[in-house]
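Every read-out reported here was derived from the displayed coordinates using simple, explicitly stated rules and does not represent laboratory data. Everything quoted here is computed from the prediction, not taken from an experiment. Neighbour counts are summed over all protein chains in view; Cβ atoms, including those assigned to glycine, are modelled from backbone coordinates with ideal geometry.
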Amino acid sequence: MDATDTGTDLEHVLLSEEQLAERIRELAAELDRDYAGQDVLLVGVLKGAVMVMADLSRAMSIPLSMDFMAVSSYGSGTKSSGVVRILKDLDADISGRHVLIVEDIIDSGLTLSWLIANLSSRGPASVRVCALLRKPEAAKVVVDVAYVGFDIPNEFVVGYGLDYSDRYRNLKCVGTLAPHVYS
Ligand code: 5GP
Ligand code: MG
Ligand code: MG
């Protein structure tokens, strides 16, 4: 693990910097093949997806465009409700384009299914999802995630874009927080 200050707050490293980099390279190669010759637009969902967006897009070698969306999910406590508000919409018109939503993590999948429906209504040529991480809960909703980096256990993780109280996003690995952080 890195010797960053925030790094000492981790209890357990789930995915190392090297494991993340290797999987990102594999996903990028798959995307290069699948989207060859197509006008692909990567849509990063702020803020969690910034790291995977930056690394995945640079590992890809086909021509591509990038855009970002920010959404907030209304809900009680930590569970998302599926009622979503757009905080920042796309700059681009996506009609006729191949859209690839890039997400950090799929938990309940509620935010994502709303996002897929919303983007699909704008007349794109296709909408697919690439998520770095997926939790077991995601299996309960019908969200078709075409590209998944890692299936992880049902634990709260931080790092590589993922936050706790808007911190830890800059960790190079993905891990769980030590109990002292929460108390
Ligand atoms: P859902 O799939 O439940 O609608 O919501 C997914 C969102 O919840 C993710 O984009 C992320 O912001 C947040 N989330 C879900 N699980 C975790 C986790 O383990 N760690 C962190 N930091 N955020 C999570
Ligand atoms: Mg996200
Ligand atoms: Mg968050």
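The table that follows gives values for the structure above.
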{"read-out": "Contact order normalised by residue count of the stretch 70-155, Cα under 8 Å, 6+ apart, percent", "value": "25"}
{"read-out": "Tail fraction, Cα-Cα pairs, the chain, threshold 19 Å, whole percent", "value": "58"}
{"read-out": "Stokes-Einstein D for the stretch 51-130, Kirkwood Rh over Cα pairs, 10 °C, 1.306 mPa s (µm²/s)", "value": "116"}
{"read-out": "CD proxy at 222 nm, helix term only [per DSSP H run n ≥ 4: -39500 (n - 2.57); per residue of the chain; nearest 500]", "value": "-7000 deg cm²/dmol"}
{"read-out": "Inter-label distance for A139 and R167, nm, one decimal - labels placed 7 Å from Cα along Cα-to-Cβ", "value": "3.4"}
{"read-out": "Spatially near lysine pairs across the chain, Cα under 22 Å, sequence gap of 8 or more or different chains", "value": "8"}
{"read-out": "The chain - share of DSSP beta bridges that are antiparallel (%, nearest 5)", "value": "35"}
{"read-out": "³J(HN,Hα), Karplus 6.51/-1.76/1.60, whole Hz, each residue of the stretch 27-42, x for Gly, Pro", "value": "4, 4, 5, 5, 5, 4, 5, 5, 9, 4, x, 10, 8, 9, 10, 7"}
{"read-out": "Positive minus negative residues near E26 (Lys, Arg vs Asp, Glu; Cβ under 14 Å)", "value": "-3"}
{"read-out": "Estimated Rh, the stretch 1-73: Kirkwood, alpha-carbon pairs, angstrom", "value": "14.1"}
